[in-house]
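The values are calculated or read from the model by the stated rules, or taken from the named source; none is laboratory data. Predicted, not measured: the structure shown is a model, and the values here were computed from it. Cβ atoms come from the backbone with ideal geometry, glycine included; neighbour counts cover every protein chain shown.
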Amino acid sequence: MLRLVYPVLVCALLYGCKSHTVIDRHQEIPVAMESGDSIVLLGRSTRLAESGDHDFVDCVGNALETRNANLDVVKENEFVDAMYPWFESTTAPTEVSMLEHLFNNDAITERFEELAIKYLIWIEGRTETLESIGGITCSIGPGGGGCFGYKSWDDEADYVAAIWDIDQQADAARIGTRTNGTSYMPAVIIPIPLLARVKHTACDAMAGQIADYLSMPK
Amino acid sequence: MMKARLAAFFLAAVFAMVLTGCQKNVSFKVQTEIPEPLVTKLALSVGVYYPDAFRRYEYTETTEERGTWRIESGDSQVRAFNRILNDLFSEFRELNSPQAGAVELIVVPEIASMQFSMPKETGFDYFEAWVEYIVKLQTGDGEELPAWRFTGYGQARTERFAGFETGLADSLSDALRNAGAQLATGLPAHPPVRQRAQRTGL
């Protein structure tokens with residue numbers, strides 16, 4: 001039996017956990033970041049009764065700061081609290097044209113200026129398991145216990161970032177990333193997870209594209 | 001014999017623990033912090049009267065599936081409404097009775113219903129809470145104005161290793177924050193309030 005299991009394990013290690021990412025970038029207007037300007041990333045839901053993926057938003061924010069230490073990224077919670085009640089899930093603008101109405105409120109305009117927000121980046125999307133096959137059974141007895149079986153599943157992380165230029169109140173760019181990957185978990189006594197980190201890969205790809213866009217010459 | 005007794009005692013203890021663990025006796029008090037709202041004050045003097053049912057609002061439920069729940073939120077409701085109304089109107093105070101008083105507008109909030117859903121019931125990976133409010137309005141002269149209804153909605157993700165109560169409490173806390181946001185943005189746009197504010201100059 002082990003003669004069969006080990007080659008499967010080796011194959012899984014060699015070929016498994018691979019993921020591929022497709023990036024789609026569309027730019028409307030050139031970048032105009034200046035020293036002291038900051039950006040904010042906000043999560044938005046694409047499905048009814050589902051909140052934005054705030055973990056992914058945090059991941060992209062952290063990755064951006066890691067890539068560019070000079071980039072000032074305002075934390076999502078700080079921004080939403082500072083702008084309360086205008087950026088809650090039920091009150092936030094859904095289109096860039098709605099900013100004009102918001103900026104009629106002097107208090108909101110002043111708060112944007114205080115935070116020096118140059119770009120507002122909405123991130124929509126989710127990571128989900130598309131398909132899974134196989135199964136693992138575990139048992140325990142007087143002589144010990146263990147698991148046996150094999151399971152694999154396909155994950156997809158599909159996210160879109162819409163970048164709004166605050167000064168121009170216009171769509172600046174749109175970046176989409178879609179990462180697919182297959183994870184494996186063979187179990188011979190002990191389950192060995194060989195995970196494709198699709199969300200992390202999509203986060204890195206998204207942060208790379210946003211950083212690249214923001215660092216483009218005027 | 002002694003071993004058999006010990007084993008029986010151990011089994012009984014485990015059985016009792018399992019039974020107790022399965023019974024969901026939920027009891028907690030909601031804590032919510034509402035940020036300072038970024039709103040322009042309306043030139044109206046407003047009084048709010050909180051009926052006892054609102055001030056001491058307690059959600060109770062006893063069902064076979066969910067067990068017994070007792071969730072106190074009255075204090076947080078009052079704090080949330082005071083926070084928003086105080087920043088929304090040029091003059092604001094709490095009233096001891098809903099009778100006519102020396103204010104232009106009297107606000108009397110009521111909670112019409114409160115509902116929850118859990119991940120195991122919906123298949124989603126988050127808790128949800130809804131709080132439906134009726135905001136009754138009257139002028140300082142005692143004239144009744146059309147009431148305003150709205151629903152605060154909140155979500156809280158299922159945290160690994162966090163208790164069942166944490167999910168419920170967080171979703172309700174989020175619903176109160178959402179209710180505050182709707183109060184701050186919706187009440188000034190409610191026609192009877194907007195018309196009175198326009199009449200007084202803003």
In this structure, does A:Leu120 turn out to be under 19 Å from A:Ala172 (Cα atoms) and within 12 Å of chain B (Cβ to nearest Cβ)? no
Hey, could you check region B:32-45 for residues that are touching a helix residue (DSSP H, G or I) at 6+ places or on another chain (Cβ under 6 Å) and hydrophobic (A, V, I, L, M, F, W, C) and say which is surrounded by the most Cβ atoms within 10 Å (Cβ to Cβ)? B:Ile34
Scanning for something at pLDDT 95 or above, hydroxyl-bearing (Ser, Thr, Tyr) and farther than 29 Å from B:Ala197 by Cβ, does region B:109-129 turn up at least one residue? yes
Inside region B:177-202, can you point out the residues that are in contact with a strand residue (DSSP E or B) (Cβ under 6 Å, 6 or more places away or on another chain), within 14 Å of another protein chain (Cβ to nearest Cβ) and of a type in the set (A, V, I, L, M)? B:Ala179, B:Leu202
Residue that is in contact (Cβ under 8 Å) with a residue 12 or more places away in the chain, at negative phi and either buried (at least 16 other Cβ atoms within 10 Å of the Cβ) or out of contact with any strand residue (DSSP E or B) (no Cβ under 7 Å at 6 or more places or on another chain) (or both), where the choices are A:Ile136, A:Ile140, A:Ile175: A:Ile175
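Which of the following residues is assigned to a strand (DSSP E or B), at pLDDT 95 or above and basic (Lys, Arg): B:Arg149, B:Arg79? Lay out the reasoning, then the answer.
Details: B:Arg79 fails: assigned to a strand (DSSP E or B).
Sole residue among the options that is assigned to a strand (DSSP E or B), at pLDDT 95 or above and basic (Lys, Arg): B:Arg149.
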Within region A:69-88, of all residues that are in contact with a Ser or Thr (Cβ under 7 Å, 6 or more places away or on another chain) and not β-branched (Val, Ile, Thr), the one surrounded by the fewest Cβ atoms within 10 Å (Cβ to Cβ) is A:Asp72
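From the set of residues in region A:64-108 that are part of a loop (DSSP other than H, G, I, E, B) and in contact (Cβ under 8 Å) with a residue 60 or more places away in the chain, which is farthest from the other protein chains (Cβ to nearest Cβ)? Steps first, answer last, please.
At the first step, the residues of region A:64-108 found to be part of a loop (DSSP other than H, G, I, E, B) are A:68-71, A:75, A:83-95, A:103-105.
Narrowing the set further to residues that are in contact (Cβ under 8 Å) with a residue 60 or more places away in the chain leaves A:68, A:71, A:103.
On the way: A:Asn68: 29, A:Leu71: 25, A:Phe103: 12 Å.
Top of the filtered list is A:Asn68.
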Being hydrophobic (A, V, I, L, M, F, W, C), assigned to a helix (DSSP H, G or I) and within 12 Å of chain A (Cβ to nearest Cβ) is the requirement here; does B:Leu168 meet it? no
Within region A:135-182, restricting attention to residues that are over 30 Å from A:Tyr213 (Cβ atoms) and of a type in the set (Phe, Trp, Tyr), which residue is nearest to the chain's Cα centre (by Cα)? A:Trp153
Which residue is nearest to the other protein chains (Cβ to nearest Cβ), if the candidates are limited to region B:131-151 and must be over 13 Å from B:Leu187 (Cβ atoms) and surrounded by 15 or more Cβ atoms within 10 Å (Cβ to Cβ)? B:Thr151
Which of (1) in contact with a Gly (Cβ under 7 Å, 6 or more places away or on another chain); (2) touching a residue at least 12 places away in the same chain (Cβ under 8 Å) does A:Ile121 not meet, given it meets every other one? (1)
Can you tell me how many residues in region B:135-171 are touching a residue at least 24 places away in the same chain (Cβ under 8 Å), within 19 Å of B:Gln77 (Cα to Cα) and among the hydrophobic types (A, V, I, L, M, F, W, C)? 7
